[in-house]
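Here the structure is laid out as structure tokens; the discussion comes afterwards.
The values are calculated or read from the model by the stated rules, or taken from the named source; none is laboratory data. Small disclaimer: the values here were computed from a predicted structure and weren't measured. Backbone-built Cβ (ideal geometry, glycine too); neighbour counts: all protein chains shown.
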2 protein chains.
Amino acid sequence: MARILLVDDNVKIRKLMEIYLKRDAFEVLQAEDGTEALSVLKKHNINLIVADIMMPEMDGYELTEQLRDAGFTMPILMVTAKETYADKKKGFEMGADDYMTKPVDMDEMLLRIKALLRRAKISSENRLVLGGVELDYEALEIRTPKQVYLLPKKEFYLLFKLLSHPKKIFTRQELMDDIWGFDSEVDERTVDVHIKRLRDKFSDLEEFEIVTVRGLGYKAERKA
Amino acid sequence: MARILLVDDNVKIRKLMEIYLKRDAFEVLQAEDGTEALSVLKKHNINLIVADIMMPEMDGYELTEQLRDAGFTMPILMVTAKETYADKKKGFEMGADDYMTKPVDMDEMLLRIKALLRRAKISSENRLVLGGVELDYEALEIRTPKQVYLLPKKEFYLLFKLLSHPKKIFTRQELMDDIWGFDSEVDERTVDVHIKRLRDKFSDLEEFEIVTVRGLGYKAERKA
DNA sequence: GGCTATATGAACTCAGCGTGAACGAATTCA
DNA sequence: TGAATTCGTTCACGCTGAGTTCATATAGCC
């Protein structure tokens, strides 16, 4: 599931947003200004940012600009009380993807977040299916035609990541950044071990497999 | 510049949008309902669609759904007089990327269109096609009409380089500098071997070939 | 024909990967 | 609380195939 960072100096607003987002099974992280947001981004792999503009320390414009300059490409949804054309223009020009004015309709925000994630090819479903393997994010379960497994966390997130972009090759580093966190220092071979354990569970499946791409990484796909 | 298709049954609104879009150097095409839009899409390469929901013949929802089902991935901005949550929800669920309610602020529409195009560009850079050969560089696969190959790293990058500038002759040194690195010390003949392995995979293709230019190098092109 | 550049089959090699086992950490259970 | 189980990680050893080289055949050019 997608990981969303809320940046707003108003705790009540963050709390409200969190409730709505968690109800839709998003993972939520929070920061109260741009500076704090940047430090969160260093430690976690974030899929989308919801940022207020008016904030102490570093405002939403500056945050957006710094992120884009630093090469971050995740969608950014700006939220603010300001609603003049000039404000919106500035927000979009800094690199925001969408813009909503307060008071924010939470339901509409959810729709927009999902549309952004869909466009960015980050799955926002809590159910994934590929080649006879069904993954239930809430229960950490996978269902194959023959069996239901309750997977250990690491194995589950790994499979989930692979299934979120079928056919896309993920390097071990990418997988580790996402599942272990950017600053983790686990051995790259650890990924291999988890892959093997996943493979063992699918060994008898006809339609699904995890493919090794030598020198690059792994990918999930339907068997030929 | 981007080519935008406006779909709305109201000529005046289309005209107004056209003026604003052309002022920003967009290329504008028009259709007055979903059915007409589909026929325009068959003939032209469209980068983004602005669609009204209420239309005779085929409404915006249906158009969006048909487009997504048919595999079109360009951003769609929905514009409508309706503004209930249910309407927005339906629009987004059908696969729209953004949603604005009438009366539309033309300046904001431009900002949103630009943001959508920017985002679409970021995520559509994974494919390359020439003469019936499709190259997917997320999956490291090439698809020919007859088969799909998962290429080894070096072979893939080599083909990718050649296809990035069809008809351009690349010297072995150029190819090596790019794929092996400037300081590499591999034999020039190594390139030949990889070229051969690529050729083997295309041996039965009618439209595509890698041509040797004696004394210079190789180039990729459509067969005569 | 003679020279040079390229094609091609085959052999080699070593980085990258699979895998079993082992051990500590975390979690569950009694 | 301690015991039992499950989970996460590391390590070491062996295998494999992608990448390279080499030797020979073939093709292009004057």
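Of all the listed residues (A:Ile179, A:Ile142), the sole one being within 23 Å of A:His44 (Cα to Cα) and at pLDDT below 95 is A:Ile179. Within the stretch A:141-166, residues that are under 26 Å from B:Leu140 (Cβ atoms) and within 15 Å of DNA strand D (Cβ to nearest atom) have Cβ atoms under 9 Å from residues that are among the basic types (Lys, Arg) and at pLDDT 90 or above in these pairs: A:Glu155/A:Arg197, counting only partners at least 6 apart in sequence or on another chain. Grab the helices (runs of 4 or more DSSP H) fully contained in the stretch B:1-120, keeping just those with 2 or more residues being modelled with pLDDT under 90. By residue number, B:34-43, B:60-69, B:85-94. Got a sec? Which of B:Leu205, B:Leu162 is not small (Gly, Ala, Ser) and not in a loop (DSSP other than H, G, I, E, B)? Of the residues listed, the single one that is not small (Gly, Ala, Ser) and not in a loop (DSSP other than H, G, I, E, B) is B:Leu162.
Might you let me know whether the stretch A:131-147 holds any residue that is among the basic types (Lys, Arg), within 14 Å of chain B (Cβ to nearest Cβ) and in a loop (DSSP other than H, G, I, E, B)? No: zero hits. Considering the stretch A:180-201, the residues that are in a helix (DSSP H, G or I) and near DNA strand D (Cβ under 8 Å from one of its atoms) include one that is surrounded by the most Cβ atoms within 10 Å (Cβ to Cβ), namely A:His194. Annotation note: Cβ proximity below 8 Å between a residue of the stretch B:196-224 that is without any contact (Cβ under 8 Å) to a residue 12 or more places away in the chain and a residue that is within 16 Å of DNA strand D (Cβ to nearest atom) and of a type in the set (Lys, Arg) (sequence gap 6+ or interchain) occurs for B:Val211/B:Lys219. Considering the stretch A:167-179, the residues that are closer than 23 Å to A:Leu29 by Cβ and part of a helix (DSSP H, G or I) include one that is farthest from DNA strand D (Cβ to nearest atom), namely A:Glu174.
Given the structure, is A:Val133 of a type outside the set (Asp, Glu) and within 16 Å of DNA strand D (Cβ to nearest atom)? Answer is no for this residue.
For every residue, the table says whether it meets (1) buried (at least 18 other Cβ atoms within 10 Å of the Cβ); (2) more than 24 Å from B:Lys88 (Cβ to Cβ); (3) not charged (D, E, K, R).
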site: B:Ala2; (1), (2), (3): yes, yes, yes
site: B:Leu6; (1), (2), (3): yes, no, yes
site: B:Ile13; (1), (2), (3): no, no, yes
site: B:Ile19; (1), (2), (3): no, yes, yes
site: B:Lys22; (1), (2), (3): no, yes, no
site: B:Ala31; (1), (2), (3): yes, no, yes
site: B:Ile46; (1), (2), (3): yes, no, yes
site: B:Ile53; (1), (2), (3): yes, no, yes
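Any residue at all in the stretch A:125-133 that is in contact with a helix residue (DSSP H, G or I) (Cβ under 8 Å, 6 or more places away or on another chain) and basic (Lys, Arg)? No, that holds for no residue.
Results for (1) within 14 Å of DNA strand C (Cβ to nearest atom); (2) basic (Lys, Arg); (3) in the same structural domain as A:Ile46 (by TED's automatic domain parsing), shown as yes or no for each residue.
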site	(1), (2), (3)
A:Pro145	no, no, no
A:Arg172	yes, yes, no
A:Asp178	no, no, no
A:Ile195	yes, no, no
A:Leu198	yes, no, no
A:Gly217	yes, no, no
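Taken as a whole, the condition of being under 30 Å from A:Pro75 (Cα atoms) and away from DNA strand C (no atom under 16 Å from the Cβ) does not apply to B:Ala139.
Looking at (1) surrounded by 14 or more Cβ atoms within 10 Å (Cβ to Cβ); (2) among the charged types (D, E, K, R); (3) more than 17 Å from the chain's Cα centre (by Cα); (4) within 14 Å of DNA strand D (Cβ to nearest atom), which one does A:Arg222 not meet, given that it meets all the others? All conditions pass for A:Arg222, except number (4).
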